[in-house]
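To start, the structure itself, in structure tokens.
The values are calculated or read from the model by the stated rules, or taken from the named source; none is laboratory data. Bear in mind that the values here come from a model prediction, so they are computed numbers and not experimental data. No Cβ is skipped: glycine too gets one built from the backbone with ideal geometry, and neighbour counts run over all protein chains shown. Ligands, DNA and RNA are stripped out before the accessible areas are found, and what is left, the full protein with its side chains, is counted by its heavy atoms. Shrake-Rupley method; radii C 1.70, N 1.55, O 1.52, S 1.80 Å.
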Amino acid sequence: VTQAVLPVGTALGAEAASSAKQSAKRVALHASQLALLAAVYYLASRLGNGFRFQSSQIGVVWPASAILVAALLLTSRARWWTLLVTASLAHIAAMYAVVPAWRWEWQVVNQAAFTATTAALLQRVPGFPLHFGNRRQVFAFTAVVFATSGLFGLTTPVFVRSLFGFDATYSPPAALLRVTLANATSLFVIIPVVLLWAQRRVRRLNELTRRRLLEAALVMAALLVVGIVALGTG
């Protein structure tokens, strides 16, 4: 009996050690991902602060929101709270010296609600995974982005203060429009890139068809023309 039990006990001990090792690896991987998210979110917040409209608290774009939504979409819902806490701490670190405490506290709560709601709707409405390979997904993605950006724009400090006359920099409609576009633009620009990169990784140019290369060239040319017209014509 002893000779029979010893191999079984040894096997169970080895299995437990292997399981503990795998768990430690998963914890270390998740911790490194959270650290990367904190760093990228912090830099994105500083970038958004650097592109604010003159004498305004509104950024031209706010890439931090898109970074967080993309991270939520790539993570199981059971771990969303860790991402939201990490992003909130990074937001405080980026904003505490820039705006009063009441404003960044308001921003943290609003940002968490906005990004979690947007990620949940993007998983449900367009369907997941998001591959942007058909018109339905593209139109559904566009509708969700504009809807949540506009809805949560109503709860931002700049809109609420303009609505009650505490900030005369913008009228309420102008404040809402600028906040909506600041968030929506970053979501349109960043989320598709992050999700498609996560799904397909980097592809070599010689793996792409001529049709895809022509499509990319036309998109970039159109972007260049629009940029020149919008920014270079006064």
The correct count of residues that are polar (S, T, N, Q) and at pLDDT 90 or above in segment 176-234 is 4
For Tyr41: the one exception among (1) among the hydroxyl-bearing types (Ser, Thr, Tyr); (2) modelled with pLDDT under 95; (3) buried (at least 21 other Cβ atoms within 10 Å of the Cβ): (2)
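Conditions (1) β-branched (Val, Ile, Thr); (2) free of Cβ contacts under 8 Å to residues at least 60 places away in the same chain; (3) touching a Phe, Trp or Tyr at 6+ places or on another chain (Cβ under 9 Å), marked per residue:
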site: Thr155; (1), (2), (3): yes, yes, yes
site: Phe159; (1), (2), (3): no, yes, yes
site: Pro173; (1), (2), (3): no, yes, no
site: Leu176; (1), (2), (3): no, yes, yes
site: Ser186; (1), (2), (3): no, no, yes
site: Pro192; (1), (2), (3): no, no, yes
site: Val202; (1), (2), (3): yes, yes, no
site: Ala216; (1), (2), (3): no, yes, no
Among Leu83, Leu36, Leu73, Leu68, the single one that is free of Cβ contacts under 8 Å to residues at least 12 places away in the same chain, out of contact with any strand residue (DSSP E or B) (no Cβ under 9 Å at 6 or more places or on another chain) and either closer than 17 Å to Val194 by Cβ or surrounded by 14 or more Cβ atoms within 10 Å (Cβ to Cβ) (or both) is Leu36
For the condition under 19 Å from Ile67 (Cα atoms) and open to solvent by less than 60 Å² (accessible area, probe 1.4 Å), what is the one hit in Gly150, Gly127? Gly150
Is segment 165-175 home to any residue that is surrounded by 10 or more Cβ atoms within 10 Å (Cβ to Cβ) and closer than 18 Å to Phe114 by Cβ? yes
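Residue-wise test of (1) closer than 23 Å to Ile190 by Cα; (2) touching a Gly at 6+ places or on another chain (Cβ under 9 Å); (3) not basic (Lys, Arg).
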{"site": "Ala17", "(1), (2), (3)": "no, no, yes"}
{"site": "Ala24", "(1), (2), (3)": "no, no, yes"}
{"site": "Val27", "(1), (2), (3)": "no, no, yes"}
{"site": "Ser32", "(1), (2), (3)": "yes, no, yes"}
{"site": "Ala35", "(1), (2), (3)": "yes, no, yes"}
{"site": "Ala38", "(1), (2), (3)": "yes, no, yes"}
{"site": "Ala44", "(1), (2), (3)": "yes, no, yes"}
{"site": "Gly48", "(1), (2), (3)": "yes, yes, yes"}
{"site": "Ser56", "(1), (2), (3)": "no, no, yes"}
